[in-house]
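This report concerns only the one structure given below.
The values are calculated or read from the model by the stated rules, or taken from the named source; none is laboratory data. Everything numeric here is computed off the predicted structure, so don't read it as measured data. Virtual Cβ from ideal backbone geometry, glycine too; neighbours counted across all protein chains shown.
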Amino acid sequence: MGWSLVLIDLKSIDIRQFKNAITFTGDITDEDFVSLTATEAFKKFGRVDALVNNAGISNIASALETTAANYRQVLEVNLVAPFLLAKAFGRTMLDAGSGSIVNVSSVAGLQGIADRSAYNASKHGLIGLTRTLAVEWGARGVRVNAVCPGWVKTEMDHKDQAGGSYSDLDITNHVPMAKFARPEDIAEAIVWLSDSTKSGFVNGVALPVDGGWTNDGSWQSLRLKHRD
Ligand SMILES: NC(=O)c1ccc[n+]([C@@H]2O[C@H](COP(=O)([O-])OP(=O)(O)OC[C@H]3O[C@@H](n4cnc5c(N)ncnc54)[C@H](O)[C@@H]3O)[C@@H](O)[C@H]2O)c1
């Protein structure tokens, strides 16, 4: 299936590599901006088949060192904005009687991880939103699912590691598949969930794409013993 794309980010995006794409530069926590993107997207393409809520921010600090302002900011971007986007683009899908929304949560939406109170709460909340919209909109043909990536080498990971909170080895020692996810690993799961001809009866799931991280109860030495 060839997709036409509507790409939204705070930073301007170079769309020369895409055949059929439009881009919007702005802040997805701004409801007026979100409404504008949905209206313009519909004007340009006349339909919306899928929405991927991928933008997000991290915040690494102990709970006691996390200010209310930091906490609110993370919730605004990671949890309120996907709600605004789901409503703005979901309306068009509901009118058409079909569509798919994929929210990018995290393994941090399924487990507690220290020093990430705001991020973890936002990603847990995003799974709650996913399940609720799946119930509200499923009978009207709109599926809503989440993917829960493990660690991926992106700008977010570079920035978080630069703060000194973890190393590559901390992650690879913990992942049963002994490596980081590639961006393509996450993208392929998102494309599958977006495509109703492939995943048409999958609704309300939080799919880990984590190399086994969230299903591994082994202690470190036991896991590492199986690497020889
Ligand atoms: N990198 C990882 O290890 C990892 C693991 C699990 C989940 N995730 C999740 O995957 C998603 C993508 O993360 P990434 O690693 O590519 O991060 P990234 O920081 O590399 O990219 C995030 C993008 O979101 C955009 N953005 C941030 N705030 C915005 C706003 N208010 N309005 C519009 N755009 C905004 C940024 O400009 C940036 O382009 C995020 O939701 C993240 O929480 C990442």
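Take region 183-201 and flag every residue that is of a type in the set (D, E, K, R), in contact with a strand residue (DSSP E or B) (Cβ under 9 Å, 6 or more places away or on another chain) and free of Cβ contacts under 8 Å to residues at least 60 places away in the same chain. Spell out how you get there, then give the answer.
So in region 183-201, the residues of a type in the set (D, E, K, R) come out as 184-185, 188, 195, 198.
Within this subset, residues satisfying the condition of being in contact with a strand residue (DSSP E or B) (Cβ under 9 Å, 6 or more places away or on another chain) are 185, 188, 195.
Answer for region 183-201, where residues must be of a type in the set (D, E, K, R), in contact with a strand residue (DSSP E or B) (Cβ under 9 Å, 6 or more places away or on another chain) and free of Cβ contacts under 8 Å to residues at least 60 places away in the same chain: ASP185, GLU188.
Sort out which residues of region 127-167 are within 14 Å of the ligand (Cβ to nearest atom), modelled with pLDDT of 95 or more and part of a helix (DSSP H, G or I), and write them in order of number.
ILE127, LEU129, THR130
Restricting attention to region 34-56, and to residues there that are among the aliphatic types (A, V, I, L, M) and part of a loop (DSSP other than H, G, I, E, B), which single residue is farthest from the ligand (Cβ to nearest atom)?
VAL48
For region 57-80, give me the residue count where each residue is over 15 Å from ASP160 (Cα atoms) and either assigned to a helix (DSSP H, G or I) or in contact with a Gly (Cβ under 6 Å, 6 or more places away or on another chain) (or both).
Counting residues in region 57-80 that are over 15 Å from ASP160 (Cα atoms) and either assigned to a helix (DSSP H, G or I) or in contact with a Gly (Cβ under 6 Å, 6 or more places away or on another chain) (or both) gives 15.
So which residues in region 116-126 are under 13 Å from the mean Cα position of the chain (by Cα) and within 12 Å of the ligand (Cβ to nearest atom)?
Matches in region 116-126: TYR119, ASN120, SER122, LYS123, LEU126.
Each row is one residue, and each column tells you yes or no for (1) closer than 21 Å to TYR119 by Cα; (2) at pLDDT 95 or above; (3) aliphatic (A, V, I, L, M).
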{"residue": "MET1", "(1), (2), (3)": "no, no, yes"}
{"residue": "LEU5", "(1), (2), (3)": "no, yes, yes"}
{"residue": "GLY46", "(1), (2), (3)": "no, yes, no"}
{"residue": "ASN59", "(1), (2), (3)": "yes, yes, no"}
